[in-house]
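**Student:** Please see the structure below; I have some questions.
Read the figures in this text as sums done on the coordinates, not as results from a lab. None of these values were measured; they are calculated from a predicted model. Quick reminder, even Gly has a Cβ in these numbers, built from the backbone with ideal geometry, and neighbours come from all protein chains shown.
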Amino acid sequence: MHVPDGFINAPVSAVTGVVAAAAVAVSLRGARRELGGPSHALSSGGEKTAPLAGLVAAFIFAVQMLNFPVAAGTSGHLLGGALAAILVGPYTGVLCVSVVLLMQGILFADGGLTALGVNITDMAITTTVVAYVLFRTLVKVLPRTRRSVTAASFVAALVSVPAAALVFTAIYALGGTTDVPIGKVLTAMVGVHLLIGIGEAAITALTVGAVLAVRPDLVHGARGLTAPLKLRVGGELVDAPAAAPAPARTGSTRKVWGFGIVTALLLAGFVSFYASASPDGLEKVAHDKGIDTKTTQHASSDSPLADYSVKDIGDARLAGGLAGVIGVGVTVAVGSGVFWAVRRRRGADTPERTPEAV
Amino acid sequence: MTTPEATVNVPSLEVSGLAFAYPDGHQALFGVDLTVGRGERVALLGPNGAGKTTLVLHLNGILEGGAGSVKVAGLPVAKKNLAEIRRRVGIVFQDPDDQLFMPTVREDVAFGPAASGLRGAELEERVMGALAQVGMAEYADRPPHHLSFGQRRRVAVATVLSMSPEILVLDEPSSNLDPASRRELADVLRGLDVTVLMVTHDLPYALELCGRSVILSDGVIAADGPTAEVLSDGALMHAHRLELPFGFDPLSTGASRERAGA
Amino acid sequence: MGAGHSHRLYRHGHSPVHELPPHCKLAAVFLFVVVVVSTPREAMWAFALYAVLLAVVAGAARIPAGYLLKRLLIEIPFVAFAVLMPFVVPGEQVHVLGLALSENGLWGAWNVLAKGTLGVAASVILASTTELRALLLGLQRLKLPPLLVQIASFMIRYGDVITDEMRRMSIARRSRGFEARGVRSWGVLAKSAGALFIRSYERGERVHLAMVSRGYAGSMPVIDEVTATRAQWTRAAALPVTALAVCLLGWTL
């Protein structure tokens, strides 16, 4: 999905560049809160952002090279947007994936410099925001168990990938320099990415499950649970005077969640219905078009070859219907995400120094 | 170092009644009391999981929120003093890759002093001075990941020396070092004129460098005394999962004890 | 493909291009690509001139043609896509060697290929003549938010460390007889990915501890700065300015 230079025209590239810059600016502020971590450290949270986000970015970069074999010598790999959002939160997720894209563009010429805005908008922003909003709403609705968190991760990752494809299609419709009909781009993009999304969902859910089993406190969406301190006095354990408890993360805007829950339910329902309705067709396309056909590093699951070359997906109605549902979902998700971000900023911002002044 | 309360009678480090649990619920410290006088070199011994690293992280206020208190040269570790505390307490972490996060050795050593406002020639002097103390001056412009492990460990020591600390805290300084690097580091440490708290499993190293040893076990201080005595108390050692290397007798190496005498 | 593998991307040298300050080069490359993207696709000769310009720069930087071409391979997926375009795009058909091709599609293919290739080539020249560390300083100088530059610099510093950890985990898996085959091995691989995340995050926490232990309070102290003279800016500007002239000609002719 790394878009090169010249694929999207200059004005639209510029607009997406502005969108990306704004989102990164908001995320820079948001990430400071997210990575503040539990309150046992005296240091205020903001200082933690750079090393943690940097290491998470290095992790995303590395994990994109981890091959997951599919069948008959083919393999896919993680895109990581949803995973990052679930593990470290949406703001940090946006930052990490954006930095990875920036470095890939400058160092490896993977993705054009002028297309950076397009790439960040659809791969960094859309995937993380959609995945996170879905994930949080599902976690709120489902019973508080590990299995729910894993299931929520699955759905969030599943939807996030075709959502990114949809956003790409929208950008293409606005400023594509080639004349491939939008309908074809839409069906091909969303169809193929729905398949990639299934792989992404499975890997993301399994990975989140693995982290959850060892360090549940590291999963952004599932924090809490502390036991009281004890003192060992002459071999006996006695309770120590309690310190200030870690402030619980509270969902600040009930309305947004309510709104999101309905959307998520609709989405989840539609997606699972359609996905199970024609598994054969999906598998076939996966096989024919290749989630990740070659073993080369770059002709991988997110390669434009796979994205655009598909002319007829088995069931156009299926893809189209899904695209519609996802479209609604994305709009709601992005909208409420922005609303949520703005509300939180107003509530939590302190007039501290902002060394990142853009 | 020249602050008014830092007089000779004030110990470098005072820990009392310190308890702490991690956010995942695991409690590591259950009431630690420890005092380290100015200029002393103390070894902190103990089995894996005794809470040694947790204790170290309390010394400069990285961890807090439990019970008890920590004072460095009379100054309590509290939010308002953190900048000064962190200048006074130089922690050398176990993995030099964690400690050396800047692109070149020079920038890494400069990080601390620069963060406290030093610039220009003064900064450069401080950096080169600290690198010279550990014998790494000629590596100033190399990226850290191109150095050997022993060299990286010594640069890590330089990164905190450049801040002229009151107390140097070393977490497993001899781990993963080959014998020559281990000796070179010992020479460097012996030559320093600061209070040292050394967390280690390397008992001969403790005997060689530190006159006094304390054992941290199950989150409390279980023993405190001259290193040779602590190491020769077989029952005490056994009770806390401490074992001397094969063929090593702390009493017959008295010469090194004299040398290390605080 | 580790982020920190500067030695593989960067070609050490002392050419005039190597010696330009990094922020000048970054700005020049970016503006050049902007100009290229804004050029009308019908002005084919303009793209040829751009290619000549880049060839001149590559020559000045003493980058061998073979090396440059090899690095261009990253574009292959899009080349394949461009090749398909004449068959997919509707519109007037032209017949070449008995194949029915769409004229629009041919133009589209040309457009994507020409602009994409020039963009990749410009980036490759930049990465081959500028050290990673200098690139980061350049980005900082170009007023990228400092926090973003810090994140990028930690990513570069630890990219190798994390990739190495991943490799060691893979060796450990294989040493115990595990062979990644088919979807059933995903559970194991995902556990590795999870472990890798925990290790990365915990290392991030340790790095943070090491930083605050040495007085870090949110912003990196300025230790090195890159500066550029007017002459250096002028030299760097030569590329985009010439390209702009070509572009304007392309629009008017």
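**Student:** For a quick check of your reading of the filter: which chymotrypsin sites (Phe, Trp or Tyr not before Pro) in region B:153-262 sit in a DSSP loop and have no more than 12 other Cβ atoms within 10 Å?
**Tutor:** Details: sites: B:Y205, B:F246, B:F248; in loops: B:F246, B:F248.
Of the chymotrypsin sites (Phe, Trp or Tyr not before Pro), the ones in loops of region B:153-262 whose Cβ has at most 12 other Cβ atoms within 10 Å are B:F246.
**Student:** Taking other Cβ within 10 Å of each residue's Cβ, how do B:V194, A:V159, C:V241 sort, fewest first? Intermediate values should be presented prior to the final figure.
**Tutor:** On the way: B:V194 18, A:V159 31, C:V241 15.
Ranking B:V194, A:V159, C:V241 by Cβ neighbours within 10 Å, fewest first, gives C:V241, B:V194, A:V159.
**Student:** If you don't mind, another one. Past the 18 angstrom mark, what percentage of all C-alpha to C-alpha distances in region A:46-151 do you count?
**Tutor:** Values: 3071 of 5565 pairs.
I get 55 percent for the Cα pairs in region A:46-151 exceeding 18 Å.
**Student:** Would you mind calculating the relative contact order of chain B from Cα pairs under 8 angstrom and at least 6 residues apart, reporting the percent as a whole number? Working shown, then result.
**Tutor:** On the way: 499 pairs, mean separation 63.8, N = 262.
So the answer I get is 24 percent.
**Student:** In addition: Take every residue in peptide B:56-68, count the Cβ atoms of other chains within 10 Å of its Cβ, and give the average of those counts. Before the final figure, lay out the partial values.
**Tutor:** Values: counts 2, 4, 1, 1, 5, 5, 10, 4, 6, 10, 7, 8, 3.
The shielding value for this peptide is 5.
**Student:** C:A65 to C:H12: extension gain in nm, 0.36 nm per residue of separation minus the Cα-Cα distance?
**Tutor:** Values: separation 53, 0.36 × 53 = 19.08 nm, distance 1.58 nm.
So the chain would gain 17.5 nm between C:A65 and C:H12.
**Student:** So, one more: Would you mind checking which residues have amide H under 5 Å from B:R41's amide H? H placed 1.01 Å from N; only 5 or more apart, or other chain.
**Tutor:** Those qualifying (amide H under 5 Å, at least 5 residues apart or on another chain) are B:V196, B:G211, B:R212.
**Student:** Of B:V188, B:V77, B:P47, which is farthest on the positive side of the dipole of region B:13-243, counting Cα position, with +1 on Lys and Arg Cβ, -1 on Asp and Glu Cβ, and the Cα centre as origin?
**Tutor:** B:V77
**Student:** What would the Debye equation give as log₁₀ I(q)/I(0) for region B:56-203 at q = 0.13, 0.14, 0.17, 0.19 Å⁻¹, counting only Cα atoms as equal point scatterers?
**Tutor:** For the requested q values the scattering log ratios are -0.56, -0.65, -0.96, -1.17.
**Student:** Identify the trypsin sites (Lys or Arg not before Pro) of region B:14-78 meeting these criteria: DSSP loop state and at most 14 other C-beta atoms within 10 Å of the C-beta.
**Tutor:** Details: sites: B:R38, B:R41, B:K52, B:K71; in loops: B:R38.
Passing sites in region B:14-78 do not exist.
**Student:** Kindly rank B:155-168, B:176-189 from highest to lowest mean number of other beta carbons found within 10 Å of each residue. Can you show the working numbers first?
**Tutor:** Details: B:155-168: 24.8, B:176-189: 15.9.
Output ranking for B:155-168, B:176-189: B:155-168, B:176-189.
**Student:** Give the Rg/Rh ratio for region B:122-242, taking Rg as the radius of gyration of the Cα atoms and Rh as the Kirkwood radius, to two decimals.
**Tutor:** On the way: Rg = 16.2 Å, Rh = 15.7 Å.
Radius of gyration over Kirkwood radius for region B:122-242 works out to 1.03.
**Student:** For region C:1-116, just the Cα set please: Rg and Dmax, both in angstrom.
**Tutor:** 17.7, 53
**Student:** Place a point 7 Å from Cα of B:D224 in the direction of its Cβ. Which residues in region B:67-87 have their backbone N less than 16 Å from it?
**Tutor:** B:68-74
**Student:** Loop sites only, by DSSP: take the GluC sites (Glu not before Pro) in chain C that have at most 10 other C-beta atoms within 10 Å and name the longest stretch containing none of them. List each step's numbers first, then the result.
**Tutor:** On the way: sites that count: C:E92, C:E179, C:E225.
So the longest stretch without any such site is C:1-91.
**Student:** Considering the zone a paramagnetic label at A:D179 would reach in this model (a point 7 Å from Cα along the Cα-to-Cβ line), which residues of region C:78-105 have amide N under 20 Å from it?
**Tutor:** C:81-97, C:99-105
**Student:** Return the subset of A:K140/B:K79; A:K48/B:K52; C:K143/C:K191 for which the Cα-Cα distance in this structure is over 30 Å, preserving the input order.
**Tutor:** Too far apart for the 30 Å limit: A:K140/B:K79; C:K143/C:K191.
**Student:** To continue, here is another question. If we count other beta carbons within 10 Å of each Cβ, what is the order of B:F149, A:F68, fewest first?
**Tutor:** Values: B:F149 15, A:F68 25.
Ranked by crowding around the Cβ, least crowded first: B:F149, A:F68.
**Student:** I've got another one for you. How do A:Y132, C:Y158 rank when sorted from fewest to most other Cβ atoms within 10 Å of their own Cβ? Please report the intermediate quantities before stating the final value.
**Tutor:** Values: A:Y132 27, C:Y158 31.
Lowest to highest Cβ neighbour count: A:Y132, C:Y158.
**Student:** Next question, about the same structure. How big is region C:145-213 by the Kirkwood estimate over distinct Cα pairs, in Å? Write out the running numbers ahead of the final one.
**Tutor:** Numbers: mean 1/r = 0.0724 Å⁻¹.
Hydrodynamic radius (Kirkwood, Cα only) of region C:145-213 equals 13.8 Å.
**Student:** What's the angle, to the nearest 10 degrees (0 to 90), between helix C:132-141's Cα axis and the longest principal axis of chain C?
**Tutor:** 80 degrees
**Student:** Cα axis of helix C:146-175 to longest principal axis of chain C: angle in degrees, 0 to 90, nearest 10?
**Tutor:** 70 degrees
**Student:** So how long is each side of chain B along the principal axes, counting just the alpha-carbon atoms, biggest first, in Å?
**Tutor:** So the three principal-axis extents are 55, 42, 40 Å.
**Student:** Quick check of the Kirkwood formula: for chain C, what is the inverse mean of 1/r over all pairs of different Cα atoms, in Å?
**Tutor:** On the way: mean 1/r = 0.0459 Å⁻¹.
Its Kirkwood hydrodynamic radius stands at 21.8 Å.
**Student:** How far apart, in nm, are two points set 7 Å out from the Cα along the Cα-to-Cβ line at B:F246 and at C:E103?
**Tutor:** It is 8.8 nm.
**Student:** What FRET efficiency would be calculated for the residue pair B:S16, B:N48, taking the C-beta separation as r and a Förster radius of 22 Å, to the nearest 0.05?
**Tutor:** Computed FRET efficiency for B:S16 and B:N48 comes out at 0.30.
**Student:** Treat each spin label as a single point 7 Å out from the Cα along the C-beta direction, and report the A:V141 to C:I76 distance in nm.
**Tutor:** Calculated label separation equals 4.4 nm.
**Student:** I'd like the GluC sites (Glu not before Pro) in region B:1-93 restricted to DSSP loop residues with at most 11 other Cβ atoms within 10 Å, sorted by number. The partial results should precede the final answer.
**Tutor:** On the way: sites: B:E5, B:E14, B:E40, B:E64, B:E84; in loops: B:E5, B:E40, B:E64.
Answer in residue order: B:E5.
**Student:** With labels modelled as points extended 7 Å from the Cα through the Cβ direction, what inter-label distance (nm, one decimal) is found for B:D178 paired with B:S69?
**Tutor:** Using points 7 Å along Cα→Cβ, the separation is 4.9 nm.
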